[in-house]
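Structure, as structure tokens:
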Amino acid sequence: MDLSQFTQAFFVEAVELLAQMEQLLLELDAESPDSEQLNAIFRAAHSIKGGAATFGFVALTDTTHLLETLLDRARHGQLTLSRSMIDSFLETKDALQEQLMAYQAENEPDPERVAHICEVLRQLALESDGAQAAPAPAPVPAPAPAPAAVPAASAAAVSAPGGALRIRFSRLSDSECELLADELGNLGKLLSRTRSGDQLTVLLDTSCAPDDIVAVCCFVIDESQIEITAEPAGDAAPAAAPIAAAPAAPAAAASQPAPAPAGPASRPASSSAAAAGAKDSSSIRVDVEKVDQLINLVGELVITQSMLTQAATMLDPVECERFLSGLGHLERNARDLQESVMSIRMMPMDYVFSRFPRVIRDVSAKLGKEVRLDTFGKETELDKGLIERIIDPLTHLVRNSLDHGIETPAQRIAKGKEAEGQLLLSAQHHGGNIVIEVSDDGAGLNRQKILAKAMQQGLPVTDTMPDDEVWQLIFAPGFSTAEQVTDISGRGVGMDVVKRNIQEMGGHVEISSREGWGTTTRIVLPLTLAILNGMSVKVGSEAYILPLSYVIESLQPRTEHLHSITSDGHVIKVRGEYLPLIELHGVFDVAGAQTDPTQGILVIVQAGETRFALLVDELLGQHQVVVKNLETNYRKVPGISAATILGDGSVAFIIDVDAMPRIQRAHVERATVLARAARAEPVAA
């Protein structure tokens with residue numbers, strides 16, 4: 001039987017279950033374990049094992065069976081947990097993740113890694129056997145209740161293990177029917193099986209709990225397609241012709257003890273509330289490529305609508321009143337459709353933040369530090385394309401805070417602080433951007449140490465530099481103040497990558513620090529890279545788009561406000577502050593543009609901590625534009641981040657504001673070299 005149509009669902013569910021397992025293990029108190037958490041961890045392992053056995057993933061099945069056995073003993077008080085044991089469970093979770101990735105790539109897992117983790121689990125079992133106290137008396141089985149059909153989400157309340165269950169499946173295909181029947185044969189004795197159209201009814205004599213059965217079946221079908229009824233004693237005879245059943249698989253023995261209700265984090269075998277099941281059944285999984293295709297089509301619709309609106313400006317509003325009214329409705333509906341489709345790609349920041357409890361636990365243990373993680377704004381949403389790219393920069397920042405920022409308990413106590421340090425991850429919307437902060441209450445940045453290191457590396461610094469500029473020095477390539485290189489930090493490769501990656505996402509990084517009391521790194525990102533709120537400007541005969549998030553104000557300067565600093569360099573005085581002036585016609589070599597700043601318009605923009613003025617000929621207006629990748633269709637152009645199509649069908653370039661100062665410097669240097677060459681002056685090496 002071809003099972004390929006079900007494997008992707010298994011991989012997705014298994015990854016979610018492993019993430020939940022890790023989160024619960026990190027929250028688990030070894031000295032006083034919560035039974036709900038233990039049950040949820042057990043059910044996650046049991047669900048993965050059931051799916052792995054179904055699809056023939058032997059290594060995954062064997063590993064999860066060993067883990068499940070230990071967890072089953074722990075949840076019934078037959079095994080004493082310890083911190084080292086939880087560490088081993090976390091190591092097992094990592095190994096299971098590697099095995100899943102191997103199977104997903106249609107490869108076999110590393111046999112040495114599989115053998116190692118299985119040996120670790122067997123050794124734990126042997127050690128616990130030697131220290132195990134007398135087992136508690138076996139629980140008395142609960143009396144079987146009267147038969148009643150219940151939804152799968154509350155099936156665990158129907159029957160205690162050890163009896164017959166009537167399981168009804170609906171809306172099945174032929175392959176799903178055969179696969180489910182085969183899998184149920186591994187969970188107990190199949191007494192009868194009746195097929196009617198797309199319905200399948202199975203009578204199963206099993207020691208498994210109903211929610212364990214649901215867990216296995218949910219890798220094949222949806223939970224809403226399952227209904228379980230308990231069969232009272234004496235009525236378990238086959239209702240149809242009995243069929244020969246395969247012996248129960250050894251793995252089923254691990255689920256014989258009476259289960260407790262599942263914890264709130266266990267999926268898909270959740271029995272906590274019918275509401276959760278209803279929510280799951282009302283959602284569907286959609287491939288990201290399909291969502292991207294839909295977003296592209298909506299973008300094209302917005303461009304077409306923009307073209308119609310542009311053309312309609314030439315029509316008589318009296319004669320074409322009905323047409324213009326309909327066009328207005330189209331514009332509103334296109335905007336609503338665009339926002340709805342974009343919301344599909346939005347994901348909560350919890351997707352990112354949930355990765356860091358494990359990172360902090362492992363790194364702080366290695367460094368001998370005590371660190372508490374607090375999060376704020378986990379529900380804040382960000383575009384999926386950005387949320388996946390922000391993980392690595394945030395990981396760099398978190399590891400730096402743990403290594404360089406937060407002190408050891410002894411150092412903190414000596415400074416009058418609590419022994420346990422605090423690391424805060426927060427996210428919040430601010431206008432059209434999302435602001436992500438990584439804050440610690442550690443030692444802070446050492447200004448003198450940074451300046452000394454910068455001078456040693458030949459960077460242009462002075463003792464009178466403001467703090468904001470000093471902190472930005474840590475983003476210089478190869479810059480590190482670590483006294484020794486470790487496997488955590490100190491090589492000077494990380495912070496420059498952080499800044500570059502964030503700038504490539506259209507964002508910027510800010511740092512604030514107070515020596516002795518901590519550091520805060522602030523990342524500002526656009527909510528999405530697919531749609532951009534921009535200001536269109538004209539330079540010569542060309543139109544450009546300035547991202548609105550960079551724009552502060554626009555003005556027409558007076559002659560007395562302009563000052564020359566070199567033959568090609570100018571600054572403008574705005575409210576007592578001197579700002580560099582960048583002429584866009586010079587940056588992009590545009591002919592026919594306005595060269596007199598007093599006859600043009602200055603747009604004041606801010607990129608990170610740098611504020612400067614851009615000279616343009618005219619302001620055309622503000623638009624929401626659909627971003628088109630320029631490199632995919634043409635090539636990388638310095639100073640240009642992307643392109644868009646305007647309402648008149650013309651192409652406009654979106655300016656890379658962050659790159660403007662760098663390009664301007666290069667332009668001035670080139671002009672200086674050419675001028676010297678023209679005068680036959682020697683050029684300094």
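Among the candidates Thr63, Thr92, single out the residue that is more than 30 Å from Asp174 (Cβ to Cβ), within 26 Å of the chain's Cα centre (by Cα), of a type in the set (S, T, N, Q) and surrounded by 14 or more Cβ atoms within 10 Å (Cβ to Cβ).
Exactly one of Thr63, Thr92 is more than 30 Å from Asp174 (Cβ to Cβ), within 26 Å of the chain's Cα centre (by Cα), of a type in the set (S, T, N, Q) and surrounded by 14 or more Cβ atoms within 10 Å (Cβ to Cβ), namely Thr92.
Cβ-Cβ distance below 6 Å, separation of 6 or more or different chains: which pairs start in the range 321-337 with a residue that is of a type in the set (Gly, Ala, Ser) and end on one that is surrounded by 13 or more Cβ atoms within 10 Å (Cβ to Cβ)?
Once the first residue is of a type in the set (Gly, Ala, Ser) and sits in the range 321-337, its partners that are surrounded by 13 or more Cβ atoms within 10 Å (Cβ to Cβ) give Ala334/Leu301; Ala334/Val302; Ala334/Gln305.
Suppose we keep only residues that are surrounded by 15 or more Cβ atoms within 10 Å (Cβ to Cβ) and in contact with a helix residue (DSSP H, G or I) (Cβ under 8 Å, 6 or more places away or on another chain) within the range 468-479. Which one would you say is modelled with the lowest pLDDT?
Phe479
Find all pairs meeting these conditions: Cβ atoms under 6 angstrom apart; at least six residues apart or on different chains; first residue within the range 170-193 and over 17 Å from Val214 (Cβ atoms) and at pLDDT 80 or above; second residue charged (D, E, K, R) and surrounded by 15 or more Cβ atoms within 10 Å (Cβ to Cβ).
Short answer, once both residue conditions are applied: Lys189/Asp205; Leu191/Asp205.
Tally up the residues in the range 592-626 that are among the hydroxyl-bearing types (Ser, Thr, Tyr) and outside any helix (DSSP H, G or I), please.
Residues that pass the stated criteria total 2.
Of all the residues that make up the range 439-467, how many are assigned to a loop (DSSP other than H, G, I, E, B), touching a residue at least 60 places away in the same chain (Cβ under 8 Å) and buried (at least 17 other Cβ atoms within 10 Å of the Cβ)?
So the count comes out to 5.
Kindly indicate whether Ile436 is touching a residue at least 60 places away in the same chain (Cβ under 8 Å) and buried (at least 17 other Cβ atoms within 10 Å of the Cβ).
Criteria met by Ile436.
For residues that are in contact with a helix residue (DSSP H, G or I) (Cβ under 7 Å, 6 or more places away or on another chain) and of a type in the set (A, V, I, L, M), scanning just the range 661-685, find the one that is modelled with the highest pLDDT.
Ranking the qualifying residues of the range 661-685, first place goes to Ile663.
Among the candidates Ser47, Ser32, Ser84, which residue alone is in contact (Cβ under 8 Å) with a residue 12 or more places away in the chain and either among the hydroxyl-bearing types (Ser, Thr, Tyr) or not in a helix (DSSP H, G or I) (or both)?
So the residue among Ser47, Ser32, Ser84 that is in contact (Cβ under 8 Å) with a residue 12 or more places away in the chain and either among the hydroxyl-bearing types (Ser, Thr, Tyr) or not in a helix (DSSP H, G or I) (or both) is Ser47.
Going by the conditions given, is Val651 of a type in the set (A, V, I, L, M, F, W, C), crowded, with 21+ Cβ neighbours inside 10 Å and either in the same structural domain as Gly586 (by TED's automatic domain parsing) or more than 18 Å from Glu583 (Cα to Cα) (or both)?
Spelling it out, it is not the case that Val651 is of a type in the set (A, V, I, L, M, F, W, C), crowded, with 21+ Cβ neighbours inside 10 Å and either in the same structural domain as Gly586 (by TED's automatic domain parsing) or more than 18 Å from Glu583 (Cα to Cα) (or both).
Would you check if there is a residue in the range 412-432 being part of a helix (DSSP H, G or I), out of contact with any Asp or Glu (no Cβ under 7 Å at 6 or more places or on another chain), farther than 28 Å from Leu529 by Cα and not charged (D, E, K, R)?
So far as the range 412-432 goes, yes, one or more of its residues are part of a helix (DSSP H, G or I), out of contact with any Asp or Glu (no Cβ under 7 Å at 6 or more places or on another chain), farther than 28 Å from Leu529 by Cα and not charged (D, E, K, R).
How do the helices (runs of 4 or more DSSP H) wholly within the range 322-390 filter down when requiring 2 or more residues that are among the hydrophobic types (A, V, I, L, M, F, W, C) and surrounded by fewer than 17 Cβ atoms within 10 Å (Cβ to Cβ): which remain?
356-367
Of all residues in the range 602-639, which are of a type in the set (Val, Ile, Thr) and buried (at least 18 other Cβ atoms within 10 Å of the Cβ)?
Answer for the range 602-639, where residues must be of a type in the set (Val, Ile, Thr) and buried (at least 18 other Cβ atoms within 10 Å of the Cβ): Val603, Ile604, Val605, Val616, Val625, Val626, Val627.
In this structure, does Ile572 turn out to be farther than 18 Å from Met535 by Cβ, β-branched (Val, Ile, Thr) and buried (at least 16 other Cβ atoms within 10 Å of the Cβ)?
The answer is yes for Ile572.
If we scan the range 482-499, do we find a residue that is in contact with a Ser or Thr (Cβ under 7 Å, 6 or more places away or on another chain), farther than 22 Å from Ala452 by Cα and either buried (at least 21 other Cβ atoms within 10 Å of the Cβ) or at pLDDT 85 or above (or both)?
No, because not a single residue in the range 482-499 is in contact with a Ser or Thr (Cβ under 7 Å, 6 or more places away or on another chain), farther than 22 Å from Ala452 by Cα and either buried (at least 21 other Cβ atoms within 10 Å of the Cβ) or at pLDDT 85 or above (or both).
The values are calculated or read from the model by the stated rules, or taken from the named source; none is laboratory data. Note that the structure is a prediction, hence the values are computed from the model and not measured. Ideal geometry is used to build each Cβ from the backbone, glycine not excepted, and the neighbour counts take in all protein chains shown.
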